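First up is the structure itself, then whatever we jot down about it.
The values are calculated or read from the model by the stated rules, or taken from the named source; none is laboratory data. Keep in mind the model is a prediction, meaning the values are calculated, not measured. Positions of Cβ are backbone-derived with ideal geometry, glycine not excepted, and every protein chain shown enters the neighbour counts. Ligands, DNA and RNA are stripped out before the accessible areas are found, and what is left, the full protein with its side chains, is counted by its heavy atoms. Shrake-Rupley method; radii C 1.70, N 1.55, O 1.52, S 1.80 Å.
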Amino acid sequence: DGRFYGDVVTKELQSFETGPGWEFTAKSGLSGRFGPKLMFENVTEPFELTAEAVVPAGRYLFPGLDFMIQTPPGRYLSARIRGDVGSYYDGWRVSLGVTPIWSGIPDLEIGGIFEYNLVRFPGRGQEYFAPLAQLNLMATLSVKFAASALVQYNGADDTFIANVRLRFNPREGTDVYLVYNEGLNTNRMDRFPEPPLRAGRTLALKINYTFH
């Protein structure tokens with residue numbers, strides 16, 4: 001398997017990713033994939049991962065390994081586990097994540113996303129740490145009403161966001177949504193200028209109507 005990208009003007013190779021892979025599916029429904037990979041990146045200009053971590057211009061060839069495991073679907077509790085580890089430009093990275101879903105109660109589903117992302121450049125004393133935690137809830141209250149909620153913390157920019165959505169379906173072809181969003185800056189003291197506590201707040205009413 002491989003992906004190649006080039007510059008159509010200079011005809012120069014910009015990036016590629018290649019490597020073998022192995023996928024499996026068990027009788028129980030357990031499935032997954034596993035494979036090493038080799039990546040090349042031609043960075044023509046430095047770019048920032050964060051204000052503290054920068055990738056200099058240059059040509060980089062680095063190996064890695066990624067995997068994914070999906071537990072059997074259709075059960076009260078299922079999960080997807082993924083990982084991506086290896087070299088990263090002139091440093092290394094570890095990215096691990098799990099996405100559990102619980103559906104033990106009819107018309108109610110609770111899910112989440114939990115990620116650990118760490119990038120380090122030891123030769124330059126730089127690092128990028130970005131944990132992520134997300135909780136999702138979806139409930140079918142009746143044939144006409146449904147509700148969903150999302151709460152997320154993003155360690156990359158130290159923000160907390162919440163989203164609540166109510167859906168009303170009075171008849172076929174018509175949907176009314178009431179959506180509320182709230183954002184908070186959770187790390188204000190280490191920034192200059194100091195950002196406000198609230199990163200944003202919105203309340204929106206949306207109506208979708210299908211003309212027959």
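The table that follows gives values for the structure above.
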quantity	calculated
Spatial separation of Cα centroids for the range 19-89 and the range 91-141, in angstrom	14
Rounded accessible area per residue of the range 88-142, 1.4 Å, Å²	55
Portion, in percent, of the accessible area of the chain that falls on carbon or sulfur, probe 1.4 Å	61
For the range 118-212: rounded, prolate or oblate by the Cα gyration tensor [a/c cutoff 1.5]	prolate
Listed candidates (i) 155; (ii) 183; (iii) 213 - label of the one calculated as volume of the Cα convex hull per residue in Å³	(iii)
Leading residue at positive end of dipole, the chain (Cβ point charges), from Pro106, Ala147, Asn117	Pro106
